[in-house]
Every structure is written in C-alpha cells, then in structure tokens.
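Step one of this worksheet: look at the structure below.
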C-alpha cells in the first residue's frame, strides 16, 4: 500500500482533522483559537518527547527486521532530541528548567522506548505504511484528513491502524474519547479505499497498556453522521460569529486562559472573513 492509494482528490472545501473535530466537540472557542485565530501555544517538553519517540519508532522500521532492537532505538534518542531542540529554540530554553535537564529527558525517552519493546516485537512485522496521510471527502463537501502513525496489512488484506501514545492509558470512562482519533482514521480509510479496518490499536507507553477496538460498518456510519453534525455546527459558528466557550475539567490543560471569558479574558477580534482550514493545511487543521 502507498500513500497515493489512500488519497482521494477533492476540488474544494475545507478540512477537518480528528484533533480539530475533538476541539470543537469540547469547546467551540478552543477550535476558534487554534484553527481560525491560530494563536500560538507554549512549547511543551512532554509533547516534544512524544514527537521524538514517534520519529524513532518510524525510523526503526527502516532497519532490517533483525536490527530493530531496543539498543538501536536507544541509540537514536540523543540525535532525536538534538534535532528537535536545534529546530525549536523556545523548546531548548525550557530544558534548563527541567529537573535533571537534558539527561532526564533522554532517560525518560529511553524508558518509554523500552515500554514499546515490552508491548510489541518489531522484528516480527512489516508495516504497510508509517506516518501516512489519509484523506477523503464527505458528501457534504467537508474534507477529512490526518496522519496515521502506522498501518499494518495482513496477508489476507486486513488492515490494522496503530497509534503510539507516550502517556498513560485513560480510564474506561474516557476510552471513547481516546478512540475517536482512530475511529476517524478508520472512517477515512473505509470511505477512500473501501476497506474497513479490522482492528484499531493504541499503545500507551507510560504504563505499558494496549487498547484494542474493532469497528464495524454501523459504528463508522454513526461516526460519519457525528462528524457531519460537527462540520455543520462549525459552519454555523462561522456564519454567526458565535464561538461559544464551554467550561469543563479540560480547561485545566488549556493554554488560552488569557483570551477566554471563563477566566476573565477577552478573545481577539475575529478577522473580517473567517477562513476555515483548507485541505492543504497540515494534519492538525
């Protein structure tokens, strides 16, 4: 399978990724800040560690099967951190404030990679694709897109969608939200290739847990209706200018308190013409 076989070309429209769809579900104002105002968020060493791990696991499968060892992955940790810190000076400035500094970041990254090897033996599989762009367009004209960490295809043609998470597995009550991203990808793959993925798998490296889910047609049909409703609500908010905030426990992790009315802030003025993310935008659009 190649990236090209997973892509459906579209003439026009705007794009929606799983992260932005979840943003709008959780808080319309959060969606506005990220997708329309594109306000910057402070750099995060935790997020950077996840980026480093994803890059290492992607490159791991460039090696011959017998060479995909923990030692090989660990050897890539320092170069991985060196690259990301060189590219993002603001991130590099945070390293000095981290207890243990760069040594601590390198050690924690190595520990998470060891967790991956405890969950899966990479010498026993050959992914069909890694970091692959998948996209399609709903009948409403909304373009769905995102990047899948890994796609595995069995000899029988069955698809497995795999995602790596550097954090801990959620409690049972929050598994649905955790799976939304992979169900979104499953819907895109199904609509763009006609193949319904057999298994969705999340690897949680922090506590070495695996979350599996097998979607079916009814499930993905329901998800398509849900995403269509989200898209309609986004269009309505654009037309009315009503990007309402929605206070919840998730506010504790929001970077935009200074602009949010729930915290005494004032949103920046809306642009004269609100442009939704184009299909050419990145996967976070």
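Taking a ≥ b ≥ c as the square roots of the eigenvalues of the Cα gyration tensor of the stretch 78-175, is the shape rounded (a/c under 1.5), prolate (a/b larger than b/c) or oblate?
prolate
Which of 14, 190, 253 moves the most in a Gaussian network model of the chain with Cα springs under 10 Å?
Comparing 14, 190, 253 in the GNM, the peak value goes to 253.
Give the relative contact order (percent, whole number) for the chain; include only Cα pairs under 8 Å separated by 6+ residues.
Relative contact order for the chain comes out at 27 percent.
What is the spin-label model distance, in nm, from residue 39 to residue 83 if the labels are put 7 Å beyond Cα along the C-beta direction?
Inter-label distance under the simple model: 3.2 nm.
For a bin width of 5 Å, list the pair-distance distribution of the stretch 196-258 built from all Cα-Cα distances, rounded to whole %.
Result, from short to long distances: 4, 12, 11, 12, 17, 18, 16, 9, 2, 0 percent.
Can you tell which of 24, 263, 61 shows the greatest fluctuation in a Gaussian network model of the chain with Cα springs below 10 Å?
Highest fluctuation among the options: 263.
When a/c is below 1.5 the answer is rounded, else prolate if a/b is larger than b/c, else oblate, so apply that to the stretch 225-268 with a ≥ b ≥ c taken from the square roots of the Cα gyration tensor eigenvalues. Don't jump to the answer; show the numbers that get you there.
Details: a/c = 3.35, a/b = 1.62, b/c = 2.07.
Oblate, because a/c is 1.5 or more while a/b does not exceed b/c.
Among 71, 103, which comes first, second and so on when ranked by fewest other beta-carbon atoms within 10 Å?
Details: 71 7, 103 10.
So the residues, fewest neighbours to most, are 71, 103.
Of all the C-alpha pairs in the stretch 141-246, what % are more than 25 Å from each other?
Values: 1691 of 5565 pairs.
Value for the stretch 141-246 (Cα pairs over 25 Å): 30 percent.
Compute and list, largest first, the equivalent-ellipsoid semi-axes of the stretch 1-140 from the alpha carbon gyration tensor, each √(5λ) rounded to a whole angstrom. Display every interim value, and only then the final one.
Numbers: eigenvalues 189, 126, 30 Å².
Largest first, the stretch 1-140 gives 31, 25, 12 Å.
Give the Debye-formula value of log10 I(q)/I(0) at each listed q (0.25 Å⁻¹), with one equal scatterer per alpha carbon of the stretch 45-124, two decimals each.
-1.18
If I stretch the segment between residue 172 and residue 253 completely, what's the gain in nm (0.36 nm per residue apart, minus their alpha carbon distance), one decimal?
27.1 nm
For the chain, what is the calculated [θ] at 222 nm in deg cm²/dmol (nearest 500), taking -39500 (n - 2.57) for each run of four or more DSSP H residues and dividing by its residue count?
-12500 deg cm²/dmol
What residue among 143, 245, 54 has the largest mean-square fluctuation in a Gaussian network model of the chain, using Cα springs under 10 Å?
Evaluated over the chain, the most mobile residue of the options is 245.
So what's the gap between the Cα centers of the stretch 29-100 and the stretch 150-199, to the nearest angstrom?
Here the answer is 22 Å between Cα centres.
Given labels modelled 7 Å from the Cα in the Cβ direction, how far is it in nm from residue 118 to residue 133?
Result for the modelled spin labels: 3.7 nm.
In Å, the Kirkwood hydrodynamic radius of the stretch 146-187 over pairs of distinct alpha carbons?
11.7
Only the coordinates and a few stated rules stand behind these numbers; no lab work does. These numbers were taken from a predicted model, which means no experiment stands behind them. Using ideal geometry, Cβ is built from the backbone for each residue, glycine included, and neighbour counts are taken over all protein chains shown.
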